[in-house]
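Data first, discussion second: the structure below is written as structure tokens.
The values are calculated or read from the model by the stated rules, or taken from the named source; none is laboratory data. Small disclaimer: the values here were computed from a predicted structure and weren't measured. Note that each Cβ is placed from the backbone with ideal geometry, even for glycine, and that neighbours are counted across all protein chains shown. Quick note on the areas: whole protein, heavy atoms, side chains included, nothing else; ligands and nucleic acids left out. Shrake-Rupley method; radii C 1.70, N 1.55, O 1.52, S 1.80 Å.
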Amino acid sequence: MNDIAIIEATEPSDKCLEAINNLLPQLSQTAEPMGMKDLEAVTSSNNCHLYLLYVNGAVAGMYTLSVYASPTGRKAWIEDLVIDISCRGRRLGHLLLNHAIEKTRCYSPCTLMLTSRSSRVAANRMYQSAGFERKETNVYRMKF
């Protein structure tokens, strides 16, 4: 039996930073390693919540829930949801996604959103099975 826990990271630590930097390249080949100051900014933010998934005491996944108010209503975004490659196929992604949905309910009324590359077939199937609907839109970015 696996000992599974999802815990919000509320303080930066070397162990947390190491775990995140192990997961980031599994999320995106272009993800830059996170620094301690970046982790401090995330964990001290009132609008950003970083959750780590522990399996038998080791970090096996993570996601970030960001919440903000806008003129068109409160929005929440799931960002950086990733399961360690060694733990995939065990429905842990579903566990994290359901956790994010439950955490978002306390901000109701709210619209929960996320993005996922079309090449992530299993992830997209999971989001749709959880009730997410595809939104036809263009995503643009500008890096500074």
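Pairing residues of the stretch 40-54 that are in contact (Cβ under 8 Å) with a residue 40 or more places away in the chain and open to solvent by 30 Å² or more (accessible area, probe 1.4 Å) with residues that are among the polar types (S, T, N, Q) and outside any loop (DSSP other than H, G, I, E, B), at Cβ distances under 6 Å and at least 6 apart in sequence or on separate chains, gives no pairs at all.
Would you be able to tell me the number of residues in the stretch 96-119 that are more than 14 Å from the chain's Cα centre (by Cα) and loosely packed, with under 13 Cβ neighbours inside 10 Å? Total meeting the criteria: 7. Checked against the criterion of being modelled with pLDDT under 90 and under 22 Å from I6 (Cβ atoms), the candidates R91, R120, R105 yield just one match: R120.
In the set (1) closer than 18 Å to R120 by Cα; (2) in a helix (DSSP H, G or I); (3) free of Cβ contacts under 8 Å to residues at least 60 places away in the same chain, L23 fails one condition alone, (3).
Total residues in the stretch 26-39 satisfying the condition of being polar (S, T, N, Q), within 30 Å of R74 (Cβ to Cβ) and touching a residue at least 24 places away in the same chain (Cβ under 8 Å): the figure is 0.
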